[in-house]
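Comments concern the structure below.
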Amino acid sequence: MALDQLDSVSASRDDPSNPSRRRLLAGLLTAYTASLIPWALAQPAPSAERGAFTALSAILVGRQALDAAQATRLYDALATVHPRFPADARALLALINERHIDPLQLQGVLDDEQSPLAPLPRSIMRAWTLGVVGSGADAHCVAYETALDAVMVADVLKPPTYAYGTYGSWSSKPV
Amino acid sequence: MSGQLSADIVVIGAGIVGALAAERLARQGASVLILEAGPRLERARIVVAFRNSAFKGNWMAPYPPSPWAPHPIYVPKDNGYLVQAGPYPYPAEYIRAVGGTTWHWAAQAWRLVPNDVRIKSLYGVGVDWPLSYEELDPWYQEAEEILGVAGADNTGSPRLKPFPMEPVAEPWAMRRFRERLAPAYPVVANTVARNSRSYGGRPACVGNNSCQPICPINAQYLGINAVEAAETAGAKVVANAVAHRIEHDAKGRIAAVHYYDPDKGTHRVTGKTFILAANGIESPKLLLLSASDKYPDGLANSSGMVGRHLMDHPSTSLTFYADEELWLGRGPQSPSSINTLRDGAFRSRHAAYRLDFTNISQVLNVTNDLIKEGVYGPEFEKQLRWRAAHQVSVKNVLEVLPNPDNRITLSTEKDALGIPKPEAHYAIDDYTRQGAEVSKADFARIAELMGGTGLRYSADGQFANNQHITGTMSMGNDPATSVVDAFGRSHDHENLFICGTGVMPTAATMNSTLTAIALALRTAEHIMPAKTAHGIAAPADGEASLA
Amino acid sequence: MNASTRCLPLLALLGLLVSASANATDPATDAALLQRGQYLATAGDCVACHTAPGGKPYAGGLAVPTPIGNIIATNITPSKTAGIGNYTKQQFSDAVRKGIRADGKHLYPAMPYTAYAQVTDADVQALYAYFMHGVAPVERKPPPTRLPFPFNFRWYMAVWNGLFLDRKPFTPDPGKSADWNRGAYLVRGLTHCSTCHTPRNLLMAEESSRELAGGAAGPWLAPNITADANSGIGGWSEADLVAYMKLGHAAGRAQAAGPMAEAVDNSLQYLSTSDLQAIAIYLKAVPARHDPADTQPIDSWGAAFDGMAGQRGTALPDDANQWSGAQLYDAHCATCHQAKGEGSFDGGLPPLFHNTATGRTDADNLVLVILEGIRWTDASGVHMPGFAHELSDRQVATLANYLTQHYGNPSAKISAEQVKLLRAGGAPSYLVALARWAMAVVALLVLVIVVLWVRRRRRRTSPAQG
């Protein structure tokens, strides 16, 4: 189902406001990737590129929900920093779709094959988990409190600079 | 247009040391002017700059250097301000701004242990200080009361009067270290300039876990508090004033300080007494820059020792996973340590050290590790939570002996104002390396007692820098081998005093700020005895200031 | 000052007096009586007005601002030259319950004798014993009160008292529980809640028909604490009320700030749990007074909201007056109140939504707490820093509007002018000017009447002209 539909999707232009063009993530996935992120099947995919990014994000970060507004922000930031990003995202999703690559094996496979897509998973992970896009002197922050590294431990820790609680509250055993 | 300012006392450097000396003197009625190379900063902006930073692990990120008063930056790339001549890097970090480097300290406010001042007599290494621990004790006390130091009497440093505050509440993780390492290693609360109750009109700690790079709520004492106190006492601060030459008269008395403003306009400031407190690198740099026909090797340098005996506290560390959930990151960053290895007969053979436990949240480190390892999918969150809960770290804080070849000189490279940059010549000798080697056994034992797995020692031969710039203008009784006397007065210039960690002739094993402050208060007393007691600690009426 | 430091002079005096007298009924050595007197003085919060900032306890000197000028609290230590050392028990009782001093002059009702009129004879006796024998004498007399004309004539108070003072001490209502009666006795009497929380008429007397429906303490709103579910504390449990009085906050509802924080800090936190429960029981039965503007409970507004997420990474403008509400929140508030306004894990750094601080239609208290913070006199010290020095009027207004819009009642709008007024201590009172104009008008009328009467008399006595 997926590959020829992906081609037709890619031929369409971005038009999230047009109901006739409204498409869901499910349309971009094979049975394999759909099985990895079943919760995301009903997520909107305004374009093939944005949809691919959302699907990849869901697969890589392994969460049961992703904030749609945050996904839009991160996509925009990544696309600004890496001009090839949208195309690369689609290519990587296609790769995973086609070859049923387990997320834990993904980086190893890309590195072994010296794939030009090898930096991509790290870029996406850094954006979601650290809230940082770009590298070296061009790195910039796009999220902090909503970065997933903070969210994933939010029941136990507040991110640095945020108060833990009234004086002495840190002496208790963490629940 | 070049302006002319004048004051009884001219202080160069508005860090915690210069500001507290200035405050004490201004309170006695002296007119005091403090020149600071860098700008004024605002705490709230620093907090937001940190949250907006792409380099959260780099504590200098919220403190960008100003073009006219640069300070060393290494991330994302080395700005080349502190030139490294080697053989070993000395990547010091400091902040040239009103308030100085303590904007981003962890408030560890340690005293020496008594034998630290006599390691030459006792152990045949290093040098003896020209004063005793007993002479310093009351100055430590005054410093602790001004800052508001919280601690208990179990760290090896005797005291005549109690701490102003009880120790800061112990984080759960540190309690488990204390319980499980006893009796082999007594883990104690660090003596810190951090409020365990409201003190000095400032709130108690609420566990922001960001002491470095910034305490958002002023629960820890910073240089900016000292500057505000000095200004309240009547001192005047001139920011963005880059001192580049100290002028002397025909007799060798200091007559004036010349500074540039950011547009390289020149200004001359006259005074009766001068206090140089610009940190252990910038102060010797200024003395060397002030060379003249009469003093071709720079001011205060008849001994040739200005800039020499550069020291720090190098660190090596062990990171491992404890066998229980500890969750570092709850509470202040530096709560506890082991202080029983700071002294002993072994000091004739190898360096002493403290052992510091970090309570800095491990989330950032662990996330970086997981991405590097390519851990994606649902496993990422599982691993993040498990590692963030279990990962802990212990590091040593090693003594470095004074070596005249370790030094700060003037580089041939120049900064934007045309002033020669400082150049660091540094090496770590066998004395210290042997101490690091010995400490590995302690690391291993600590990990064993915590059921540690996944042990990762820092790379052999690699030492982290701790920003305790000491030794470069050492105090001593002999003008041939020291730069200042026991009161910080230059042997060569009667009206020039030097305050800061740079006058400490040995580094010992503890963070040096409190000792530098104690010495500076003693220097201020020597310049002008105090008639009124410090009132900084008394909570003033009115609201707490966060500025 | 907390209870233990206040006990120190008491204990010292006891130590001296034990040797001096062996008479067990002598009030000077009756420890139980003195302790009771101290407890009652704490409940009455005498120390709050009768102690100057940084001054000795009960030595007076604090200038209490009122719409008719500053009233200087007197020295009520047992000093014979500067305080009440010569007062008999009757004189003490008259001062406290009738507002008449030993020299016969009237006290202004800034001294809440209108409330203390309820205090029983037995409690007056204990208070008298405490103030005579349990408080250290201070030999400094504070300056006298000088109110502007025409309010400098104390005999007006005799008229005012005649109109408004209920002189009867408290009598229990047999139809109500013992707890309710204890609560009524405290609330209407020593803890004098109505002096702030009950609205006043034009002559500044409490409107007893609108008990606890809301009043003022300086520029601070003393809110409606009747049992109304929306406007008052109707939705609060007794435990909520007790916690508020004991700790200074009710989790997930409200925090005491300004003069109420002082009341908790100096007085309420030291009351026994049973007394606090009695007060709570009484309050929950006060007839509900509803303000139609309150369409839902004031502690039910708002929700978690992160206004910074969308601009994380954007540098702050150089000009701080250009900062948006979210940027101000990021810089000054988020640290404690957290990124979504949700507060700390333990709730001790409270959430900003579902909080009366942001839920009122009148946002004056919100502005004041941003400016002044919350600071207690005990070791807990700074509960919240004040931002008056750091934030301009415009920034406070921007921030306050951001808070009410996202975390509270969005109909509460704040202007920079309003902030400026509050910073200066509130709207100035025109009572003095009004009184003077009124007197001028009356004088003019009297003059006109006299002139007319004189002319009429002249017409009568002189024969009609031709």
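Key figures
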item	result
Total residues in region A:72-91, condition surrounded by fewer than 21 Cβ atoms within 10 Å (Cβ to Cβ), among the small types (G, A, S) and either closer than 20 Å to A:A139 by Cβ or within 11 Å of chain B (Cβ to nearest Cβ) (or both)	1
Some residue of region B:381-391 being within 14 Å of chain A (Cβ to nearest Cβ), basic (K, R) and farther than 17 Å from B:R456 by Cα	yes
Candidate set from region A:92-127 (those that are in a helix (DSSP H, G or I) and surrounded by fewer than 16 Cβ atoms within 10 Å (Cβ to Cβ)); member that is nearest to the other protein chains (Cβ to nearest Cβ)	A:G108
C:V441 being part of a helix (DSSP H, G or I) and more than 30 Å from C:P351 (Cα to Cα)	yes
Selection from region A:128-175 of residues that are in contact with a Lys or Arg (Cβ under 8 Å, 6 or more places away or on another chain), at the interface with chain B (Cβ under 7 Å from one of its Cβ atoms), farther than 21 Å from C:C333 by Cα and not hydrophobic (A, V, I, L, M, F, W, C)	A:G136, A:S171, A:P174
Selection status of C:W160, surrounded by fewer than 13 Cβ atoms within 10 Å (Cβ to Cβ), assigned by TED's automatic domain parsing to the domain that holds C:D94 and over 26 Å from C:L34 (Cβ atoms)	no
In region C:139-157, the residues that are of a type in the set (A, V, I, L, M) and part of a loop (DSSP other than H, G, I, E, B)	C:L147
Cβ-Cβ under 7 Å pairs, at least 6 apart or on other chains, region B:197-214 side within 10 Å of chain C (Cβ to nearest Cβ), far side basic (K, R) and in a loop (DSSP other than H, G, I, E, B)	B:A204/B:R197; B:G207/B:R330
Of all residues in region C:374-423 being of a type in the set (D, E, K, R) and more than 10 Å from chain B (Cβ to nearest Cβ), the one that is farthest from C:G55 (Cα to Cα)	C:K413
Positions within region C:282-311 being farther than 30 Å from C:Y58 by Cα, under 21 Å from the mean Cα position of the chain (by Cα) and in a helix (DSSP H, G or I), in sequence order	C:K284
Helices (runs of 4 or more DSSP H) fully within region C:158-277 counting 1 or more residues that are over 29 Å from C:A424 (Cβ atoms)	C:178-185, C:238-247
Some residue of region C:14-35 being at pLDDT 70 or above and touching a Phe, Trp or Tyr at 6+ places or on another chain (Cβ under 7 Å)	yes
Close pairs from region A:49-71: first within 13 Å of another protein chain (Cβ to nearest Cβ) and at positive phi, partner modelled with pLDDT of 95 or more and crowded, with 24+ Cβ neighbours inside 10 Å, Cβ under 8 Å, at least 6 apart	A:G62/B:Y376; A:G62/B:F380
Those residues of region A:136-150 which are surrounded by 18 or more Cβ atoms within 10 Å (Cβ to Cβ), in a helix (DSSP H, G or I) and either among the small types (G, A, S) or free of Cβ contacts under 8 Å to residues at least 40 places away in the same chain (or both), in sequence order	A:D149, A:A150
In region B:287-320, the residues that are small (G, A, S) and closer than 14 Å to B:P404 by Cβ	B:S303, B:G304, B:G307
Any hit, region B:41-53, residues being touching a strand residue (DSSP E or B) at 6+ places or on another chain (Cβ under 9 Å) and among the aromatic types (F, W, Y)	no
Residue identified as of a type in the set (A, V, I, L, M), touching a Phe, Trp or Tyr at 6+ places or on another chain (Cβ under 8 Å) and not in a loop (DSSP other than H, G, I, E, B) among C:L366, C:L371, C:L352	C:L371
Candidates C:T361, C:T335, C:T356, filtered to the one that is among the polar types (S, T, N, Q), crowded, with 21+ Cβ neighbours inside 10 Å and in contact with an Asp or Glu (Cβ under 8 Å, 6 or more places away or on another chain)	C:T356
Condition broken by B:G201, with the remaining ones in (1) at pLDDT 95 or above; (2) surrounded by fewer than 24 Cβ atoms within 10 Å (Cβ to Cβ) satisfied	(1)
Test for B:V269: is it buried (at least 16 other Cβ atoms within 10 Å of the Cβ), modelled with pLDDT of 95 or more and touching a helix residue (DSSP H, G or I) at 6+ places or on another chain (Cβ under 7 Å)	no
Cβ pairs under 7 Å, 6+ apart, first in region C:295-317 and more than 14 Å from every other protein chain (Cβ to nearest Cβ), second of a type in the set (F, W, Y)	C:W301/C:F353; C:G302/C:F353; C:G302/C:Y407; C:A303/C:F353
Failed criterion for A:R99 (all others in (1) at pLDDT below 95; (2) within 17 Å of A:A48 (Cα to Cα) hold)	(2)
Verdict on C:T398 being at pLDDT 95 or above, crowded, with 22+ Cβ neighbours inside 10 Å, closer than 20 Å to C:M260 by Cα and of a type in the set (S, T, Y)	no
Answer from C:G341, C:G248 - the residue that is within 14 Å of chain A (Cβ to nearest Cβ), of a type outside the set (F, W, Y) and under 21 Å from the mean Cα position of the chain (by Cα)	C:G248
Where a residue in region B:358-379 is facing chain A (nearest Cβ under 8 Å) and its partner, wherever it lies, is among the β-branched types (V, I, T) and part of a loop (DSSP other than H, G, I, E, B), with Cβ under 7 Å and at least six apart	B:V363/A:V153
Residues within region C:329-344 that are assigned to a helix (DSSP H, G or I) and either under 19 Å from C:G302 (Cα atoms) or touching a strand residue (DSSP E or B) at 6+ places or on another chain (Cβ under 7 Å) (or both), tallied	6
Scope region A:135-175; condition among the small types (G, A, S), more than 23 Å from C:P351 (Cβ to Cβ) and modelled with pLDDT of 95 or more; matching residues	A:A139
Qualifying positions in region B:313-356 - more than 22 Å from A:A150 (Cα to Cα), within 14 Å of another protein chain (Cβ to nearest Cβ) and touching a strand residue (DSSP E or B) at 6+ places or on another chain (Cβ under 6 Å)	B:S336
Filtered residue count, region B:155-179, keeping only those that are within 14 Å of another protein chain (Cβ to nearest Cβ) and either farther than 25 Å from B:I360 by Cα or among the hydroxyl-bearing types (S, T, Y) (or both)	1
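The values are calculated or read from the model by the stated rules, or taken from the named source; none is laboratory data. Keep in mind the model is a prediction, meaning the values are calculated, not measured. Methodologically, a virtual Cβ is constructed for each residue, glycine included, from the backbone with ideal geometry; neighbour enumeration extends over all protein chains shown.
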